[in-house]
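Notes follow the structure.
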Amino acid sequence: DGDQHRKCRKTVTSKFSFKAVNSYSDAVSALVSRQLSHLLEQPQPVDLTEHFSEPISIANHAFVLGIPDSMVKEFERTFVGSVSREERITYLREVYQYKLENLGDDVISHLIQSELTQAEVEGLIYVFFTSGRDSVAYMVSTGMVALLQNPDQLQLLRENLPVSQEAIEELMRYCAMFVTLFPRTALEDLEIAGQKIKAGQSVSVSPVAVNRDPRIWDEPNVLKIDREVKAHLSFGHGIHGCLGQQLARLVIQESLTQLLRAIDSIELVSAEQLEPMEFAHPV
């Protein structure tokens, strides 16, 4: 937090601005199209996450951050798979050394050429390697699960392609993935809406609870893809709001649009999202 956080965030903000994300549109479209061709070649039934959502998220992450093609497989092994933190840091330093000699118009190159220290650059690379990719894959797959459970909304979406921004925001609200996240610790005694919180006490804010709050949303447990856009908490809020949220919207929108244009009939065979799952968070 504080000055270092502001310095680091300011350094990379331009690479995730509306203008920057718009410049990624053609590349993202091509990445999705390539993966869609792969998906359509698979025997049915096909796992959407394995053959579509996750590969798209990996390829997009590599493109925007600047991971060279020859190192993407290792990125998948270390940052998508489960390995030690030491292996991850060793890998990111290999990417850092490669980019020192092969600068481009990407996030890592931008960081290297900034005024940040090497430690700050490596720290930010680690954050970027571990952030956002899984959320995009989750949203593409879970968005489709939600639509297949609500055929009237799926039909409405099909009749109005490309997928609208309103539909993306509603899917982000409805499919919010973090039951508990955004832990914050009080620096002093305070009271919020009648709830007393003591200094040193931690509070975990739930985006799911906020995004289904009936005081904010009419029929919050109903998917309405033409719902009026309001501020949800799926991307966080304030100074720690998701830096790559515009890019995430683009990838999700392009993925769902191309998928629905290419396939006239999709049926849901099974989905782990519909089964009871253990909490990943200790709260």
Handout entry: Probe 1.4 Å, accessible area per residue of the chain, Å²
Key = 57
Fill in the blank from the handout: Within the range 88-141, DSSP-loop GluC sites (Glu not before Pro) with at most 14 other C-beta atoms within 10 Å are GLU115
Completion exercise
Note on the chain: contact order normalised by length, alpha-carbon pairs under 8 Å, 6 or more apart, percent, works out to 21
Problem - Net charge dipole size for the chain [Lys, Arg +1 and Asp, Glu -1 on Cβ; Debye, nearest 20] - result: 700
Practice task
Over the alpha-carbon set of the chain, work out the extent along each principal axis and list the three values in angstrom, largest first.
Solution key: 55, 53, 36
Problem - Of TYR98, PRO55, ASN221, farthest towards positive along the dipole that unit charges on Lys, Arg, Asp, Glu beta carbons give the chain - result: TYR98
Practice task
Excluding residues on the same chain fewer than 8 positions from LYS10, give the lysines whose Cα lies under 29 Å from its Cα.
Solution key: LYS19, LYS99, LYS230
Practice task
Amide H neighbours of VAL205 under 5 Å, at least 5 residues apart or on other chains, H built in the peptide plane: list them.
Solution key: LEU181, ARG184
Practice task
Using the Karplus curve 6.51 cos²θ - 1.76 cosθ + 1.60 with θ = phi - 60°, work out ³J(HN,Hα) for each residue of the range 15-24 in order, rounded to whole Hz, and write x for Gly and Pro.
Solution key: 6, 10, 6, 4, 4, 5, 5, 4, 6, 8
Handout entry: Point-charge dipole on Cβ atoms (K/R +1, D/E -1) for the range 1-122, about Cα centre, debye to 20
Key = 380
Fill in the blank from the handout: Using the Cα gyration tensor of the range 1-151, the equivalent ellipsoid's semi-axes, largest first and to the nearest Å, work out to 30, 18, 15
Handout entry: Cα point-scatterer Debye curve for the range 90-152, base-10 log of I(q)/I(0) at q = 0.23 Å⁻¹
Key = -0.92
Handout entry: Where only alpha carbons of the range 124-274 are counted, the Rg and the Dmax (Å)
Key = 17.4, 57
Problem - Loop-located trypsin sites (Lys or Arg not before Pro) in the range 215-269, at most 13 other Cβ atoms within 10 Å (DSSP) - result: ARG215, LYS230
Handout entry: Hits among aspartates and glutamates - C-alpha to C-alpha of LYS15 under 19 Å, sequence gap 8 or more where chains match
Key = ASP26, ASP105, ASP106, GLU115, GLU120, GLU122
Problem - For the range 73-127, size of Cβ-based charge dipole, Lys and Arg +1, Asp and Glu -1, in debye - result: 200
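The values are calculated or read from the model by the stated rules, or taken from the named source; none is laboratory data. What you see is a predicted model, and the numbers here were worked out from it, not measured in a lab. Reconstructed Cβ throughout: ideal geometry from the backbone, glycine too, with neighbour counts over all protein chains shown. These area figures cover heavy atoms from the full protein model, side chains too; ligands, DNA and RNA do not enter into them. Shrake-Rupley method; radii C 1.70, N 1.55, O 1.52, S 1.80 Å.
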